[in-house]
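**Q** Pasting a structure below so you can have a look.
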């Protein structure tokens, strides 16, 4: 569905985005949008946010040269070290930003959804820091699979509510969080964990993550004296990629590569490669590419990484795909695992399983010539995935 | 003329219209038509048929479960349109379809609207298409004389209520609570009446029907003076879902009896 007229662009990225939510939420979205717009131009808010990002999150994160990977692939590779953020991934940038916004709006009750638990942990962390109540919806399957992250959230005072509807994973946790929001819209603030959801969330979340790209730009110019030839990031909902890419979007010489999770393979039923395999559709409040069946029912996603295990994608990525600005491809579970092992052994950095999909691009890419300058967004660290990694390696050894 | 328009034109003043909601394909594909017959003979003024979706954001556990069951049985838009066509061979009761936008989008809005008109659907309710996204959809449905029914909620501003009243047809769906379907009348407060009074003062072009949380006639009794009708959904579905196979008809009869004034 197209926006009704060309002038009706509020909340749209090209043809994608919008506010496909029940009427109950619309006034709240308007209030949120106004509050966000006002704070965008508020130096005091930005000062507070910058202080928190520096003293609490640990920004700026380093841009590390990866000498052995560079030699291995015949490229000049740098890693933007979001894995060194407090709580272990980029998610905290947005959680802190939105929690601060909620506080400014006088909201004291926060809800969030989480898949692997990273956004849940980031939100619980931000809420503990700012003294806010926190409820995290998490699929029952994920609660079982990510026991440690559940403990972390609870330790920081958050209530974790297992979701037993539908597929019992991230998709249904998000639906349940939206239902809670519809019911408690007057006093609760929903911190969405990716660049998805109704306007203004995709815009707001991307902007809170822009710090990744802005720092990268400054750092790469300082070290190399020029912009990179390519940026690479993994894409689930797409928040780390959106924040990383956006400050470079007008630099036509910087090629951009988004890597989705192909699961068992893009041609197979079990995949999470929304942009490669999906068609435009509406889920969780916005129009974007979507994995769906022949009747428009949302398909199950599959990926080895719980953080990419989502059938939708942020609307701005759909726009960038159609515009041809960003090149999207997909890496399988196996390719991601192999890339993770390579990076760990060669650089002493264990990326998260999500992030490993970005590294897998190095094995297949042909677009960037020898010696090209490439920055990979190392969006999170792999400590949380050690159980899954161990299991995978054991299986592989078993087969071999 | 659209059956909804006709119905409200002929409705005696002071009498509440009764809309009964059922998810398509329940209690089973085979028994769907006979269940519709039961609802009509119990005095349903309007039938609302739910088109199942994998992610029903505005619905509570009962309708979620009903959606899952319907999808599991293979219910899709084509099946629903065919069912309405079959129903139309026997009844002139107005029928509205309620469903989320994605399956409709996938089917194609124009083909869907056209088929709705052809098989005898009188209106559609799309709970995830608010005013903001309504424009193109609305023109297409109205071109085919299928009413796009708007939803008003306690959080709706006066301006939005007036806009929805201007743009929508058939009736306006008054969402009694700030929340999802499947609650009960204990959620109604003094603010509920204030909201309904506000609606009554602002709405000029459409009948207003209240839903969300209504389980029996007495739930709506206190607000009778402010409404043209009411809608019962989850409570009815619970009867269909929870009764043992042999008892469905009896349980349904008892339930429908309590919906009468």
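Every number in this text was worked out from the coordinates using simple rules, so none of it is lab data. None of these values were measured; they are calculated from a predicted model. We place every Cβ from the backbone using ideal geometry, glycine too, and count neighbours over all the protein chains shown.
**Q** Please label the shape of the stretch B:165-261 as rounded, prolate or oblate, based on the square roots a ≥ b ≥ c of the eigenvalues of the alpha-carbon gyration tensor (a/c under 1.5 means rounded; beyond that, a/b larger than b/c means prolate, else oblate).
**A** Here the stretch B:165-261 falls in the prolate category.
**Q** Taking only Cα atoms, what is the 0 to 90° angle, nearest 10, from helix A:170-183's long axis to the longest principal axis of chain A?
**A** Approximately 20 degrees, to the nearest 10.
**Q** Something else now. Grab the DSSP H runs of chain A that are 4 residues or longer, score each as -39,500 (n - 2.57), total them, divide by all residues and round the 222 nm result to the nearest 500 deg cm²/dmol.
**A** -13500 deg cm²/dmol
**Q** I'd like the orientation of helix A:333-347 relative to chain A: the angle between its Cα long axis and the longest Cα principal axis, in ° from 0 to 90, rounded to 10.
**A** 70
**Q** Any chance you could give the angle, 0 to 90 degrees and rounded to 10, that helix A:386-399 forms with the longest Cα principal axis of chain A?
**A** Once rounded, the angle reads 40 degrees.
**Q** Given that compact globular proteins tend to follow 2.2 N^0.38 Å, what is the ratio of the alpha-carbon Rg of chain B to that value? Write out the running numbers ahead of the final one.
**A** On the way: Rg = 16.9 Å, N = 261, 2.2 N^0.38 = 18.2 Å.
Relative to the 2.2 N^0.38 Å estimate, chain B comes out at 0.93.
**Q** Helix-only mean residue ellipticity at 222 nm, chain B, DSSP H runs n ≥ 4 weighted -39,500 (n - 2.57), per residue, nearest 500. What is it?
**A** Computed mean residue ellipticity for chain B: -13500 deg cm²/dmol.
**Q** Test of understanding: express the Cα radius of gyration of the protein assembly as shown as a ratio to 2.2 N^0.38 Å, with N the residue count. Before the final figure, lay out the partial values.
**A** On the way: Rg = 26.0 Å, N = 661, 2.2 N^0.38 = 25.9 Å.
Normalised by 2.2 N^0.38 Å, the Cα Rg of the protein assembly as shown equals 1.00.
**Q** Given R₀ = 25 Å, what would the calculated FRET efficiency be for residue B:243 paired with residue B:218, taking r from the Cβ atoms and rounding to 0.05?
**A** Values: r = 22 Å, r/R0 = 0.88.
Efficiency for this residue pair is about 0.70.
**Q** Hey, another quick one. Hey, any idea what Rg/Rh is for the stretch A:318-389, computing Rh the Kirkwood way over Cα pairs? Walk me through the intermediate numbers first.
**A** Values: Rg = 13.3 Å, Rh = 13.2 Å.
Using only Cα positions, Rg/Rh for the stretch A:318-389 is 1.00.
**Q** What is the distance, in nm, between label points placed 7 Å from the Cα along the Cα-to-Cβ direction at residue B:89 and at residue B:158?
**A** 5.3
**Q** Efficiency by 1/(1 + (r/R0)^6): what FRET value for residue A:72 and residue A:223, r their Cβ-Cβ distance, R0 = 25 Å, to the nearest 0.05?
**A** 0.80
**Q** Within chain A, what percent of beta bridges assigned by DSSP are antiparallel, to the nearest 5?
**A** If I count the DSSP bridges inside chain A, around 30 percent turn out antiparallel.
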